[in-house]
1. Please go through (1) among the aromatic types (Phe, Trp, Tyr); (2) surrounded by 21 or more Cβ atoms within 10 Å (Cβ to Cβ); (3) farther than 21 Å from B:ILE137 by Cβ for B:PHE92 and return the number of the only condition it doesn't satisfy.
2. With respect to the numbered conditions (1) among the β-branched types (Val, Ile, Thr); (2) surrounded by fewer than 22 Cβ atoms within 10 Å (Cβ to Cβ); (3) in the same structural domain as B:MET265 (by TED's automatic domain parsing), which one is the sole condition not fulfilled by B:ILE180?
3. Being over 17 Å from B:SER138 (Cα atoms), in a loop (DSSP other than H, G, I, E, B) and not polar (S, T, N, Q) narrows it down to one residue among B:VAL287, B:VAL299, B:VAL313, B:VAL305; which is it?
4. Exactly one condition in (1) outside any helix (DSSP H, G or I); (2) closer than 16 Å to A:GLU131 by Cβ is not met by A:HIS99; state its number.
5. Among the numbered criteria (1) at the interface with chain B (Cβ under 9 Å from one of its Cβ atoms); (2) touching a residue at least 40 places away in the same chain (Cβ under 8 Å); (3) surrounded by fewer than 18 Cβ atoms within 10 Å (Cβ to Cβ), which single criterion is violated by A:ASP104?
6. Hey, A:PHE126 hits all of (1) surrounded by fewer than 20 Cβ atoms within 10 Å (Cβ to Cβ); (2) more than 27 Å from A:HIS320 (Cα to Cα); (3) among the aromatic types (Phe, Trp, Tyr); (4) not assigned by TED's automatic domain parsing to the domain that holds A:GLY289 but one; which does it fall short on?
7. Which residue, of B:ALA84, B:ALA34, B:ALA12, B:ALA51, is within 30 Å of B:ASP118 (Cα to Cα) and modelled with pLDDT of 95 or more?
8. Of the conditions (1) surrounded by fewer than 21 Cβ atoms within 10 Å (Cβ to Cβ); (2) in contact (Cβ under 8 Å) with a residue 60 or more places away in the chain, B:GLN98 clears all except one; give me its number.
Number of protein chains: 2
Amino acid sequence: MRIAQVAPLAEAVPPKLYGGTERVVSWLTEELVAQGHEVTLFASGDSVTSAHLVPCNPCSLRLSGIRDHTASHLVMLDKVRARADAFDVIHFHVDLLQHVLFRDIAHKCLTTLHGRLDWPDFMPVFRTFREMPLVSISNSQRLPMPPDVSWLATVHHGLPSTVCPFDARGGDYLAFLGRISPEKRPDRAIEIAKRAGVPLKIAAKVDKADQEYFEVIRPLLDHPLVEFVGEIDESAKCDFLGHARALLFPINWPEPFGLVMIEAMSAGTPVIAWRNGSVPEVIADGVSGRVVESVDEAVAAVETVDAINRSAVRAHFEQHFTVCRMVAGYLAAYKLLLNRSATPSPVKLTSPTYPANALSRSAELRGRR
Amino acid sequence: MRIAQVAPLAEAVPPKLYGGTERVVSWLTEELVAQGHEVTLFASGDSVTSAHLVPCNPCSLRLSGIRDHTASHLVMLDKVRARADAFDVIHFHVDLLQHVLFRDIAHKCLTTLHGRLDWPDFMPVFRTFREMPLVSISNSQRLPMPPDVSWLATVHHGLPSTVCPFDARGGDYLAFLGRISPEKRPDRAIEIAKRAGVPLKIAAKVDKADQEYFEVIRPLLDHPLVEFVGEIDESAKCDFLGHARALLFPINWPEPFGLVMIEAMSAGTPVIAWRNGSVPEVIADGVSGRVVESVDEAVAAVETVDAINRSAVRAHFEQHFTVCRMVAGYLAAYKLLLNRSATPSPVKLTSPTYPANALSRSAELRGRR
């Protein structure tokens with residue numbers, strides 16, 4: 001299949017530092033190439049890929065100090081559009097601009113929504129361009145969306161089996177990994193560890209926006225059971241997760257997916273997570289971790305978590321969250337899309353449109369020659 | 001002429017509170033209607049106009065608490081595009097998204113750039129979509145732009161003669177009006193007033209982003225010559241400007257236009273302004289104010305400003321900065337655009353394009369019928 005992958009330009013693919021979306025796009029792209037597909041990656045020029053790279057910006061926007069990404073994304077989408085005929089499927093990992101620019105060729109386009117959808121800012125586009133095929137990264141992510149948008153599939157993220165290798169032994173501490181922010185609830189993690197009497201290691205970066213919140217958390221870190229190890233890089237992360245007794249994921253927001261959960265599961269480390277967002281879809285309760293709803297339940301889960309077999313956690317990961325499983329999900333979605341468009345149906349559009357009309361007329365014209 | 005005005009959705013047209021761009025769009029729209037043109041205004045639904053209003057959002061985005069305006073603007077531009085055939089000219093007052101969406105009908109589109117252009121974020125669009133006709137609000141605003149974009153005209157802002165009525169007497173204080181921010185240099189205004197021994201009234205709002213800077217300025221306000229009157233509304237503004245001896249405009253950034261200068265001039269109040277951005281284009285040195293480059297020069301200007309005749313200041317305003325003069329400038333630009341497109345020239349596009357091709361083919365098809 002001739003596939004275009006259209007990545008955000010905020011980070012390189014894969015990212016030099018952070019960037020969940022760009023990591024997922026990289027894994028997806030490399031596996032599609034490995035399976036013999038002809039893949040073109042539209043991304044920041046400092047990306048590294050075995051696909052055909054179309055550089056859309058010399059260097060990732062974040063590292064270039066560019067804060068408003070709209071102009072750069074418009075230019076990228078113009079490049080994609082100019083080459084649209086060369087692809088069977090165009091797969092977007094950006095949020096908004098393609099909905100109006102690619103509406104007339106919606107039949108070969110799909111967009112994976114990588115972010116939270118429970119805020120009003122983007123809704124005008126989703127309400128207006130309902131014919132654009134969408135993929136959610138969890139079923140729960142769909143809840144705030146208008147009722148009749150064009151969902152094609154839910155495809156959970158997956159990662160290569162070798163990224164976080166299985167660690168059969170595990171360790172004695174609880175792990176907390178992520179940003180120090182009110183949605184991630186590091187305070188809950190600390191309370192759970194103290195009440196369970198188990199050491200807690202917190203590996204977390206503190207964004208500028210969360211500096212004020214960090215001052216609330218800082219006094220809680222001063223406890224013999226709590227160790228704040230600060231920011232850690234990708235390679236240290238797998239050891240950090242693999243050597244833990246369990247990962248604590250005590251979020252209080254509707255996490256659309258939560259990559260760290262499957263990274264821990266890949267290493268064999270069970271996850272104790274709050275019932276919120278994607279959590280009940282990602283954690284098989286009692287198999288790969290525990291899904292809890294209160295600090296009491298979390299403390300009880302810490303005390304019994306050793307009963308969860310680390311090999312079973314890894315097996316759950318291998319069954320559901322490898323990159324191969326993710327690629328199979330996307331290939332099924334691509335085929336569904338292509339089969340749909342092979343079945344002619346009356347064109348249904350929400351308002352009089354321009355390129356759609358224009359292109360269909362131009363297709364008629366070509367057809368007549 | 002059948003004219004579309006496309007306003008930002010951040011504020012109503014005219015704005016309930018702040019919003020320089022929306023005020024200018026309102027004045028332009030009302031005057032075009034008064035002159036007998038058929039005007040359609042695409043704007044926030046809480047706008048008030050004598051043109052035909054196409055509401056693109058129930059309520060202005062700022063009052064709705066919507067921070068990311070991209071989705072709402074995409075939906076608005078889709079509405080404009082669906083009605084494009086009904087207009088001779090489409091006049092955009094938004095920055096970016098129309099460049100890719102209206103490229104194939106660039107011949108009837110123009111965009112007034114209302115903001116500063118000396119930052120890199122928007123440049124990818126201006127470098128890529130060079131055929132899109134642009135209007136600058138001062139010549140100096142153009143300086144940071146790529147060399148070969150398609151400038152159609154510079155049209156200085158204008159305001160209705162009655163908005164800030166002429167005040168023949170003036171008053172005894174210096175006025176500073178605007179935001180308390182480092183680019184506006186209220187500290188310079190205070191220094192000038194103290195050294196000249198003349199009272200200074202500061203009418204200014206303090207944005208959240210400038211709170212820290214306000215703490216630097218606050219101690220300077222504690223001086224018998226300095227009065228901080230805080231935020232004032234539109235109606236109080238004209239009295240505030242009209243009763244002043246002079247307006248101080250000691251900016252240290254490339255102001256693209258600076259509406260407050262012509263509001264003061266409308267009231268007959270001369271302006272003492274730093275040579276920066278649009279200032280030398282707006283102030284006729286010695287006629288409607290003084291253009292200075294140092295605090296020494298500004299203090300000297302305060303001491304001699306009474307020599308400037310307030311009637312001459314108003315006359316300068318009436319000659320150059322009324323809404324009628326602005327509308328004449330835009331009508332000339334519209335005609336230039338339409339004359340250009342009436343003269344057929346080989347289609348020149350920077351990259352293979354889609355709607356352009358598609359629409360020209362579809363035009364051929366229609367032509368053959």
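1. (3)
2. Going through (1) among the β-branched types (Val, Ile, Thr); (2) surrounded by fewer than 22 Cβ atoms within 10 Å (Cβ to Cβ); (3) in the same structural domain as B:MET265 (by TED's automatic domain parsing) one by one, B:ILE180 breaks only (2).
3. B:VAL287
4. Going through (1) outside any helix (DSSP H, G or I); (2) closer than 16 Å to A:GLU131 by Cβ one by one, A:HIS99 breaks only (1).
5. In the conditions (1) at the interface with chain B (Cβ under 9 Å from one of its Cβ atoms); (2) touching a residue at least 40 places away in the same chain (Cβ under 8 Å); (3) surrounded by fewer than 18 Cβ atoms within 10 Å (Cβ to Cβ), A:ASP104 misses (3) alone.
6. (1)
7. Within the list B:ALA84, B:ALA34, B:ALA12, B:ALA51, the selection yields B:ALA12.
8. So the condition that B:GLN98 fails would be (1).
The values are calculated or read from the model by the stated rules, or taken from the named source; none is laboratory data. Bear in mind the structure is a predicted one, so any value in this text is a computation, not a measurement. As a convention, Cβ positions derive from the backbone with ideal geometry for all residues, glycine included, and neighbour counts pool all protein chains shown.
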